Amino acid sequence: MFNSKKIIVILPAYNAAKTLQQTYNEIPFDIVDEVILTDDFSKDDTVQVAKKIGIQHIIQHDTNKGYGANQKTSYNKALALNADIILMLHPDYQYTPKLIPAMVSLVANDLYDVVLGSRILSKGALKGGMPLYKYVSNRILTLIQNILMNQKLSEYHTGYRCFNAQVLKNIDFNSNSDDFIFDNEILAQCCFINAKIGEISCPAKYFKEASSINFKRSVIYGLGVLRVSFSYFLQKTKLANFRLFKKV
């Protein structure tokens, strides 16, 4: 609990056996009440490791459904458990769990509805090993998104996110993509309902065991980002209507 609010951490996992325990051990359980791990049909021992270290809620997909589908399962489970604040943390140790108290406090004290762990604010993305092409594309896409969506975020592509649960109840995230573009769609939905979005500087870590998409999928993701951003612009200017932004 933090400020009498129930805190649940979700771990969207795929082949995270080598880094899961290290990630889990750094979660601050003085404020985190429960942890949910959703395994997207891993080929390694992710589930066995999760059971061994005692994660309370383990959900297994019977097929590889995708990163977005993994998040949908995790968020729905957290909402069913009556979470007040839901924090998504990748179990590949690319993001440090040590920032959880800071991110949670910003939401729990009603300063923001959503808090993002930004790899760009600290200027440490490249030092942390982010490939140059990803850094450049991140900066270009973020600039375009900020213009089209009238925002001032340092990046839209972080996988480290903390939500007031009520925000997730107010958007139709279950209709989003099952692939990586889910991350951008859910942020666009949050912006569309005028959720207060804050950022906190987060160190970047890129290493062999950390999950990352290849160049081809990065290009597909980038095109998807542009589609979402233009859809947002057209919806806001009432030139078109998209299911992505429908009311719930």
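Can you list residue pairs whose Cβ atoms sit under 7 Å apart, with the first residue in region 229-247 being part of a helix (DSSP H, G or I) and the second being open to solvent by 100 Å² or more (accessible area, probe 1.4 Å)? Count only pairs 6 or more apart in sequence or on different chains.
Listed pairs, sorted by first residue: Gln235/Asn241.
Give, as residue ranges, the strands (runs of 3 or more DSSP E) completely inside region 1-94 that count at least 2 residues that are open to solvent by less than 50 Å² (accessible area, probe 1.4 Å) and touching a residue at least 40 places away in the same chain (Cβ under 8 Å).
In region 1-94, 7-13, 34-39, 85-88 are the strands (runs of 3 or more DSSP E) which contain 2 or more residues that are open to solvent by less than 50 Å² (accessible area, probe 1.4 Å) and touching a residue at least 40 places away in the same chain (Cβ under 8 Å).
Determine whether region 206-221 contains at least one residue that is hydrophobic (A, V, I, L, M, F, W, C), in contact with a helix residue (DSSP H, G or I) (Cβ under 9 Å, 6 or more places away or on another chain) and under 29 Å from Lys77 (Cα atoms).
So far as region 206-221 goes, yes, one or more of its residues are hydrophobic (A, V, I, L, M, F, W, C), in contact with a helix residue (DSSP H, G or I) (Cβ under 9 Å, 6 or more places away or on another chain) and under 29 Å from Lys77 (Cα atoms).
Does Leu121 fit the bill of being assigned to a loop (DSSP other than H, G, I, E, B), at pLDDT 95 or above and open to solvent by 10 Å² or more (accessible area, probe 1.4 Å)?
Considered against the rule, which asks whether it is assigned to a loop (DSSP other than H, G, I, E, B), at pLDDT 95 or above and open to solvent by 10 Å² or more (accessible area, probe 1.4 Å), Leu121 comes out as no.
I'm checking my understanding of the structure. Among residues of region 199-209 that are outside any strand (DSSP E or B) and under 15 Å from the mean Cα position of the chain (by Cα), which one is modelled with the lowest pLDDT?
Ala204
Is at least one residue of region 163-171 open to solvent by 10 Å² or more (accessible area, probe 1.4 Å), polar (S, T, N, Q), modelled with pLDDT of 95 or more and assigned to a strand (DSSP E or B)?
yes
Of all residues in region 174-198, which are open to solvent by less than 40 Å² (accessible area, probe 1.4 Å) and within 12 Å of the chain's Cα centre (by Cα)?
Passing the criteria: Ile181, Phe182, Asp183, Asn184, Glu185, Ile186, Leu187.
Would you pick out the residues in region 152-185 that are of a type in the set (Phe, Trp, Tyr) and within 16 Å of Leu11 (Cα to Cα)?
Of everything in region 152-185, those that are of a type in the set (Phe, Trp, Tyr) and within 16 Å of Leu11 (Cα to Cα) turn out to be Tyr160, Phe163, Phe180, Phe182.
Take the residues in region 124-141 that are part of a loop (DSSP other than H, G, I, E, B) and touching a helix residue (DSSP H, G or I) at 6+ places or on another chain (Cβ under 6 Å); name whichever of them is surrounded by the most Cβ atoms within 10 Å (Cβ to Cβ).
Within region 124-141, the match that is surrounded by the most Cβ atoms within 10 Å (Cβ to Cβ) is Ala125.
Name the pairs whose Cβ atoms lie under 8 Å apart, with the first residue in region 139-154 and hydrophobic (A, V, I, L, M, F, W, C), the second outside any helix (DSSP H, G or I), and 6 or more positions between them or separate chains?
Leu141/Tyr156; Leu141/His157; Leu153/Leu116; Leu153/Ser118; Leu153/Ile197; Leu153/Glu199
In region 221-231, which residue that is of a type in the set (A, V, I, L, M) and open to solvent by less than 100 Å² (accessible area, probe 1.4 Å) is farthest from Tyr133 (Cα to Cα)?
Among those residues, the one meeting the criterion is Val228.
The values are calculated or read from the model by the stated rules, or taken from the named source; none is laboratory data. This structure is a prediction, so every number in the text was calculated from the model and none was measured. With ideal geometry, Cβ positions are generated from the backbone for all residues, glycine too; neighbour counts draw on all protein chains shown. Ligands, DNA and RNA are excluded from the accessible area calculation, which covers all protein heavy atoms including side chains. Shrake-Rupley method; radii C 1.70, N 1.55, O 1.52, S 1.80 Å.
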